[in-house]
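Enquirer: Could you have a look at this structure, given as structure tokens, before my questions?
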Amino acid sequence: MRARKMSQGMTLIESVLAIVILAIALITLTSFLFPSVQKSALPHYQVRAASLGQAVLNQILAVSFDEQSDRNGSLWRCDELDKQCTLPAALGPDKNEQPAFYNDVDDYMGCWYGANAQQQCQRGLSITSLLGGDEQDDYRNFVVNILVSYDYDNALDGQVTTHQTSPFKKITVRVSASNFTEYEFVAYKGNY
């Protein structure tokens, strides 16, 4: 018997089988590749969040402990010379004061947003006004939440009333952006 010569083309079954094998290979490849691409942005975000958090903390720590503290050579502190420190319920920005004129740590309390992130802050200000530059585009989608409170654990052994202050203020800065983890930075300012 004579052997038949095979045609040079592929049959329909062979074509479908090749497409199925190719699809399985692409699904496997993309399931490993895409998570790696997303994770590659994480170190870049962490560095930017740390840089922003540290810049904000440095700016806050450079101002006075309280509105009633002396700003000219620390001649007196609040709670001295009939100068009472701001009560816990009154902490926050002074009425109608612009960020360029903030003079004590609790003035910075609130939500600060970068470009494209304004909807994440109910009554916030831009990061540009916080840092005093043109960082708006540098920190797109970033949000900085700042909370300042008296640190009672160190000063009063946990026995506190609403009219008591403390010689320490705890400053908590939370930096977040888009789908990434929120990072928290904490510092203390003493009444000295």
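The values are calculated or read from the model by the stated rules, or taken from the named source; none is laboratory data. It should be emphasised that the depicted structure is a prediction, and the values quoted were computed from it without experimental measurement. Here Cβ is always computed from backbone atoms with ideal geometry, including for glycine, and neighbour counts include all displayed protein chains.
Enquirer: Scanning for something surrounded by 10 or more Cβ atoms within 10 Å (Cβ to Cβ), of a type outside the set (Gly, Ala, Ser), at pLDDT 80 or above and touching a Cys at 6+ places or on another chain (Cβ under 6 Å), does the range 16-34 turn up at least one residue?
Expert: No: the range 16-34 contains no residue that is surrounded by 10 or more Cβ atoms within 10 Å (Cβ to Cβ), of a type outside the set (Gly, Ala, Ser), at pLDDT 80 or above and touching a Cys at 6+ places or on another chain (Cβ under 6 Å).
Enquirer: Which of (1) at pLDDT below 80; (2) in a helix (DSSP H, G or I); (3) surrounded by 10 or more Cβ atoms within 10 Å (Cβ to Cβ) does residue 39 not meet, given it meets every other one?
Expert: It fails just one condition, (3).
Enquirer: Would you confirm, using the coordinates I've provided, whether residue 191 is crowded, with 17+ Cβ neighbours inside 10 Å, modelled with pLDDT of 80 or more and touching a Cys at 6+ places or on another chain (Cβ under 7 Å)?
Expert: no
Enquirer: Based on what the data block shows, is residue 107 at pLDDT 85 or above and assigned to a helix (DSSP H, G or I)?
Expert: Yes, satisfied.
Enquirer: Additional query: Restricting the search to the range 86-111, which residues are under 22 Å from residue 175 (Cα atoms), touching a Ser or Thr at 6+ places or on another chain (Cβ under 8 Å) and in contact (Cβ under 8 Å) with a residue 40 or more places away in the chain?
Expert: 91, 104, 105, 106
Enquirer: I would also like to ask the following. When residue 117 is evaluated against the numbered criteria (1) more than 27 Å from residue 39 (Cβ to Cβ); (2) at pLDDT below 85; (3) buried (at least 20 other Cβ atoms within 10 Å of the Cβ), which criterion, by number, is the only one it fails?
Expert: Result: residue 117 passes all but (1).
Enquirer: Related question: Conditions first: (1) at pLDDT 85 or above; (2) over 27 Å from residue 139 (Cα atoms); (3) surrounded by fewer than 12 Cβ atoms within 10 Å (Cβ to Cβ). Residue 72 passes all but one, so which condition is the exception?
Expert: (1)
Enquirer: Conditions: (1) surrounded by 14 or more Cβ atoms within 10 Å (Cβ to Cβ); (2) modelled with pLDDT of 75 or more; (3) charged (D, E, K, R). Residue 80 meets all but one. Number of the miss?
Expert: (2)
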